[in-house]
Structures are given as C-alpha cells and as structure tokens.
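Coordinate-derived values only; no laboratory data. Since this is a predicted model, take the numbers as computed values, not measurements. A quick note on method: Cβ atoms are made from the backbone with ideal geometry, for glycine too, and the neighbour counts reach across all protein chains shown.
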Amino acid sequence: MVGPLNGSETERLAKLDASLDYDVLIIGAGQSGMYSLHRMRQIGLKVRLLEAGSGEGGTWFWYVRFEELHLPYCLCCLLILSRNTYPGARFDSESYSYIFSFDQSLLDEWKWTEHFAGQNETLAYCQYFAKKFGLHEDMQFDTRVSSAHWREDSSSWLLTDESGKTYTSRFIISAMGILNQPTLPNILGVNDFKGDGFHTSRWPKNGEDAIKGKRVGIIGTGATAIQTIQEIKKTVGSLTVFQRTPNWTAPLRNTKISSEDMEEIRKNYPTIFKKCLESYSCFIHKADTRSVFDVEEEERERHWEELYSQPGFSKWLGNFWDINTNKAANELFSKFIANKIRQRVNDPIVAEKLIPKNHGFGTRRVPLEGGYYEAYNQPNVTLVDINENPIECIHEKGIKTKEQDFEFDVIIYATGFDAVTGSFSKVDFRGIGGKTLTDEWANGIQTYLGLTNHGFPNMFSEFNVMMLQCEETWLISSSDHGSTSNVRQYSSIDRVRRGMGSGLYQVYRRPQHHSHRSNGRRQKGMDKTRA
C-alpha cells in the first residue's frame, strides 16, 4: 500500500480520476467476474466488464470461433463453433455448495436438479444470476483484452483490446480463470493426422456425432479424460486410451434432486455454508478428528466402506484427518482404494496399470467418476501404457507407438492446460517501470493472498467461486479505506508476499503433499505446447 498524498497532489489526481473511463475494469464474465461486477456496482463505482466470449458463464460457457483456435488444421476440421462441453463435464463439488450465498432470494428461487450439476445446468445458473441482477448493461462481450499497462503519472490502468480500442480505470480485476489455455502433447507429427481431432476443452458442437461408431483414440487419463471416457465408451466403435500417469479416482455417486429434497437443502443452506467456511478448501466435507491408528482394523475397514459408498469427496476430505498428513496412514487407505480398483477391473494386468504407484490417494486432487473403471471391461476399450509402450509419432492415419501402429478416425486430446500462467500470458500485463507479469513470475507464482502482485498496483486477481465472497469483502474494505484515507495505490509489499509464499511452501512440503512433486514441473517426455 502506498501512503496518503499531499493536498496539491491529491487535487491533481482527482482531476485525472474524473477523466478516467471507469473506476474499475473487470476482465472475464465467469462467476468471479460477474460477482465482482455486482459488488462494485453496489458500492457505487463506475464499472465495466470485458469478456472475450459472446456470453457469460466463463468455463461453463466458452464458445470458440474457428479462427480463434490457433490449432493445426487436423484439430479444427470439425469445428465451426467449439465449446468446453465435453461429455461428462460436471461439478465434483456439491451443486448447492458452489453457489452464491449473499442473496436470500437467489437461494430461494434457484433449483438444482442434480447433486453434482452438469455443464448445461451450471451455465443456466450463471445466466440466471446475470439476468436477475441486471448485469448485462455493464458487460461487454466479444472483447478480448490484449494489454493492460500501469500509468504511473496518473496511478491508473490503460487497457487495450484486440481491435485497438482503449479503456482507462483506477482499478482492474482479473477474473480470467486459471484453466482456459489448452495444451497439446509435444509429440512428433501432431499436425499430420488427417482424421478429426480436438482438445476436450474445445469440444465441437457436433462432437457426439463425430465419434459415434468411430475408432477413437484419447491421450490422457486426468480428470477431464476420466469424465469423457466413462461417457463416450457408450457410443464409440472402439476406444484406445493412452495413459502416462494413472490417477486415483473414486465414485461420484451423483443422483437427482427432487422438489422435496431441494426444499430441505434450502432450509439447510446456513449449515452448508458454515461447513464450507470451516473446512479444507471450502467443501462441505469435514475431516474425521480421529487418527487412522485410533481404531481397530475391522472398524477402520467398515468406516472406509461407508465412506466409499457416499457421494462426492467424502472418501477424501471426510476421512480420518491424518490420511493427508501421515504417510503410513495414507498408504493404508491407498491400499484400500487399490483393492477397489482390482475388484472393478476384470483383467488383473489392466487393473495394476490403473493403480498409481508414484503418489498416494489424495496427494493430488481426486477426480470423481461414474463407471470409469468398468470401461476397461468392455471388449472395444484398450489401455496403452505409454511408459511401457511410448508414443513415437502421430501420423496421417493415427498414432504409432514403439510396439504397435494404431489407426483412428478421431483423436481426442485430454492433455490439460497451461495452468494459471497461461491465462495471464495471453494479456500483456505491465506494472511499475514497465515490468511484465511474465517476468514477475519467472521463478514461480508468488502473490499476496492470491489477490495482489508486487509491482502491479490496484490490480487484483480472483479465481475460485468458493473463496470469492471473502475476496470481494477484502477488496471492498480496501476501496473504502482508500477513499477515507486518501490512499492511491494498493500493491503487495515484496517481503510480506515472499514471507507468505515461503510459509505456504513449508506447509506444502509436509510429507504427504510433497511426496508427489509435480507442482509447476514439466513431465519428462510429455512437455506440452500451447494449443
């Protein structure tokens, strides 16, 4: 925070403020951006939201025009419009915990139809939210921000969109999300495939028809791949899954919500939100206060069977507290889940390939599934372990591995994203002295509270709807303080930011979470290129 100014400087800057287009500019129309817009308007600020897409909803909406994809022709040949609507796309947190709690009428009016809502229903919620609070009048679609530069002489920001139009404001809020820049595997010949190919986050409008009855290959077995595989197994002619790293995954157990159930949920909203605020990562599941070693083996197994039968993250976040902190405890539960995989997969060789060996259950975020393991019991589904049988190249007819040549009609890339930094690298952010955000993060991302960056005054970043209302409270209190105290700039102090980052990293380095060291690291043999 930069301190109060003297009288003459205050008068000069007040005149400059009056010349600005807006008090606040927001980038992104997902849930974070929309809530920020609503709250900034509530406190009387002049605000504008700029969104690259043609509608609100963020990751739950995202349409991409053909010319915006920047993919090889083989990955675009199906596409007029593509969208993050891959089969099986849905919440892994309970729908009613992934909702704004600030407005009682919103809680009373909205009805969820599933405990874990799918993409369409979540998008509908976003659209309802925007309409209810009249947000569209201050939202500007089809506007992709290309640069955001700090102007030191006026303590303000200058944003430029791809058409060359400029916008000025005192504050900017980045609500661009952290998983929206897809990556492709760095495999020889990825441009050569003559069939249909696409990344899961750029699923074509006619994607289901494109794969029906076809020979399909999918690269990746992460969360998105798991959701996709369990759905497309029902319609493809054949499916070949190329796996590098198996993931621990557990049953989602999604069910419909009746009108009676919804009424009960509405009554329990205060309890639900209280649980989220008091729990790890804002989920409704709270850890068992007992240690794994506090109970006898028989009771422990019985408890785990009960957890396994429950929906959502209960088997991870509602487990004994030391599952995530004690290596021996984690190994016991990992063994329990491994046995469940062996029970569900008929071929013991395939089952062993699907069991992670390099990390314990829950040391990475756990994907949730509904019939994923049973896919490998189908005669038309094949698992290829690329550690044993590496991919040599992609060619015009399919994928060649060390041991076999596969021909496909369709290749699906479930190969993830350039997480966090990918979103920000699409915009030329420049702070004090013209320093770029890319340079600031050259040795790893370090922020204060996940909100501010050193050397980038009056710029705030928001990522997660679970934390959003707390973040907005902090931002508004900062704004109020600035108004009453004549403070012009807010930026994290470097030593404070580094101290916070160091403290968090020390927690991260505790035995269990540190046992799987993939944080920010490229994986050997599967370096990725931006799609």
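The charge dipole of the stretch 279-366, taken about its Cα centre with unit charges on the Cβ of Lys, Arg, Asp and Glu (plus for the first two, minus for the last two), comes to roughly 540 debye. Applying the Karplus relation 6.51 cos²θ - 1.76 cosθ + 1.60 with θ = phi - 60° to the stretch 172-182 yields 3J(HN,Hα) values of 10, 10, 8, 10, 7, x, 10, 10, 9, 10, x Hz, where x marks Gly and Pro.
How would Phe336, Phe408 line up from fewest to most surrounding beta-carbon atoms within 10 angstrom?
On the way: Phe336 17, Phe408 22.
Ascending Cβ contact count within 10 Å gives the list Phe336, Phe408.
Across the stretch 207-220, rounded Karplus estimates of 3J(HN,Hα) from the backbone phi angles (6.51 cos²θ - 1.76 cosθ + 1.60, θ = phi - 60°) give x, 4, 5, 5, 9, 4, x, 9, 7, 10, x, 10, 9, x Hz, Gly and Pro being marked x. Across the stretch 183-192, computed HN-Hα scalar couplings (Karplus, 6.51 cos²θ - 1.76 cosθ + 1.60, θ = phi - 60°) run 10, 10, x, 7, 10, 4, x, 4, 8, 8 Hz from first to last residue, x flagging Gly and Pro.
For the stretch 182-223 and the stretch 384-414, what is the separation of their C-alpha centers, rounded to whole Å? Taking the Cα centre of each part, the stretch 182-223 and the stretch 384-414 sit 12 Å apart. Cα centroids of the stretch 273-317 and the stretch 93-167: 33 Å apart. Summing Lys and Arg as +1 and Asp and Glu as -1 over all other residues whose Cβ lies under 13 Å from the Cβ of Val236 gives a net charge of 0. Going from the fewest other Cβ atoms within 10 Å to the most, the residues Trp60, Trp112 appear in the order Trp112, Trp60.
Near the amide H of Ser238, within less than 5 Å, lie the amide hydrogens of Lys214, Arg215, Val216, all on another chain or at least 5 residues away, with H placed in the peptide plane. Under 29 Å of direct C-alpha separation, and excluding same-chain neighbours fewer than eight residues apart, Lys214 reaches these lysines: Lys194, Lys205, Lys233, Lys234, Lys353, Lys397, Lys400, Lys402, Lys528.
Remark: Leu184, Leu106, Leu354 ranked as Leu106, Leu184, Leu354, counting other beta-carbon atoms within 10 Å and listing the fewest first.
Between the amide H of Ser146 and those of Thr160, Asp161, Glu162, distances stay under 5 Å, these residues lying 5 or more places away or on another chain, with hydrogens modeled in the peptide plane. Annotation: amide H of Phe406 within the under-5 Å range of Ile399, Lys400, Thr401, sequence separation 5 or more or interchain, hydrogens built in the peptide plane.
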